[in-house]
Amino acid sequence: MGRFRAAHFFAWLAGISVIALSGCSTSGSPMLATLGSMVPGQHGDLAARARKVPYASIELSFGRGGGLLVLAEEQGGLTFWQTARNETVVLRHGFLQSIAGIKPRLEMSKSMGADGKLISMASLGSDERFRVERSWVDKKGVRHAGRAEARWVCSTKTRAIKLPLTTRELYKCTETLDWADRGETRSVYWRDAGGHVWKADVAAWPGAPGISWQVARPWWAQS
């Protein structure tokens, strides 16, 4: 969605008088205020709202906050998902790239092969090894940086995974990161045969609050 389309969406949103609600992160800071808040029992409400929104959207949670995010812009494999409070989640080909506007947050993530060249997570096969570099800000505002050895393994058989608006046959992929002096973190992605990520449960750095999302309406062309 380009800037014009994003502006059109927010005008449309105001026209139907949807009220933005907010949750709280584990740090107690304002979190992800959008079309709804992630509290017990509201998943059905988010799905109902997603059905009414004719734009690409994801249901996302971070710590104890979350809601339905609508695509604000797409550029060169990057997708930008912005909340009513201007908090922004950036995905690269469906993988978490950065978070802005809140604490704690991920500031940068890149993956490299053994030769040191950047690799695209979207191009990973079913069994891969690579390196990851990330920087983040903790809930006190202190910046950190870390490197990890990554192991990526995907199942050979699909499973039926329920999503906000549909159920799809997807492959489970597990990313295990071995951080120098910081232990291991594990993230799980569910992707289709084309490599598109439909669902993810991510530990972005050691000690990070969990972040997860699932696609309601995809932003890529459907076959």
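Just need a number here: residues in the range 126-148 that are more than 16 Å from PHE95 (Cβ to Cβ) and among the β-branched types (Val, Ile, Thr).
Going through the range 126-148 one residue at a time, the tally reaches 2.
For the range 139-174, name all the residues that are under 26 Å from GLY101 (Cα atoms), surrounded by 14 or more Cβ atoms within 10 Å (Cβ to Cβ), modelled with pLDDT of 95 or more and not small (Gly, Ala, Ser).
Answer for the range 139-174, where residues must be under 26 Å from GLY101 (Cα atoms), surrounded by 14 or more Cβ atoms within 10 Å (Cβ to Cβ), modelled with pLDDT of 95 or more and not small (Gly, Ala, Ser): HIS144, ARG147.
Please go through the range 56-79 and pick out each residue that is farther than 22 Å from ALA203 by Cα and open to solvent by 20 Å² or more (accessible area, probe 1.4 Å).
Answer for the range 56-79, where residues must be farther than 22 Å from ALA203 by Cα and open to solvent by 20 Å² or more (accessible area, probe 1.4 Å): GLU73, GLU74, GLN75, GLY76.
Which condition number does THR88 fail, the rest of (1) in contact with a Phe, Trp or Tyr (Cβ under 7 Å, 6 or more places away or on another chain); (2) closer than 30 Å to ASP45 by Cβ; (3) modelled with pLDDT of 95 or more being met?
Exception for THR88: condition (3).
Can you go through ALA180, ALA145, ALA150, ALA160 and tell me which one is over 25 Å from TRP205 (Cβ atoms) and hydrophobic (A, V, I, L, M, F, W, C)?
After ruling out the rest, the residue left standing is ALA160.
Being among the polar types (S, T, N, Q) and outside any loop (DSSP other than H, G, I, E, B) is the filter; apply it to the range 67-112 and report the residue that is nearest to TRP152 (Cα to Cα).
Within the range 67-112, the match that is nearest to TRP152 (Cα to Cα) is SER111.
Answer yes if at least one residue in the range 80-94 is in contact with a Lys or Arg (Cβ under 7 Å, 6 or more places away or on another chain) and either farther than 21 Å from TRP198 by Cβ or open to solvent by less than 60 Å² (accessible area, probe 1.4 Å) (or both), and no otherwise.
No, the conditions are met nowhere in the range 80-94.
Here are the criteria: (1) modelled with pLDDT of 95 or more; (2) within 21 Å of ASP201 (Cβ to Cβ); (3) not in a strand (DSSP E or B). Tell me which single one ALA50 does not satisfy.
For ALA50, the failing item is (1).
Tell me, please, whether a residue that is touching a strand residue (DSSP E or B) at 6+ places or on another chain (Cβ under 9 Å), closer than 26 Å to GLN222 by Cβ and touching a residue at least 12 places away in the same chain (Cβ under 8 Å) can be found in the range 179-186.
no
Can you work out which of the residues in the range 178-223 that are aromatic (Phe, Trp, Tyr) and under 13 Å from the mean Cα position of the chain (by Cα) is nearest to THR167 (Cα to Cα)?
Going through the qualifying residues, I end up with TRP198.
Can you give me the number of residues within the range 197-211 that are crowded, with 18+ Cβ neighbours inside 10 Å and assigned to a strand (DSSP E or B)?
So the count comes out to 6.
Please verify whether ALA114 is within 18 Å of the chain's Cα centre (by Cα) and surrounded by fewer than 18 Cβ atoms within 10 Å (Cβ to Cβ), treating the condition exactly as stated.
Here the answer is no, as ALA114 does not meet what is asked.
The values are calculated or read from the model by the stated rules, or taken from the named source; none is laboratory data. Just so we're clear, the structure is a prediction, and the values are computed from it rather than from any experiment. Note: ideal-geometry Cβ built from the backbone for every residue, glycine included; neighbour counts use all protein chains shown. Surface areas here come from the heavy atoms of the whole protein model, side chains and all, with no ligands, DNA or RNA. Shrake-Rupley method; radii C 1.70, N 1.55, O 1.52, S 1.80 Å.
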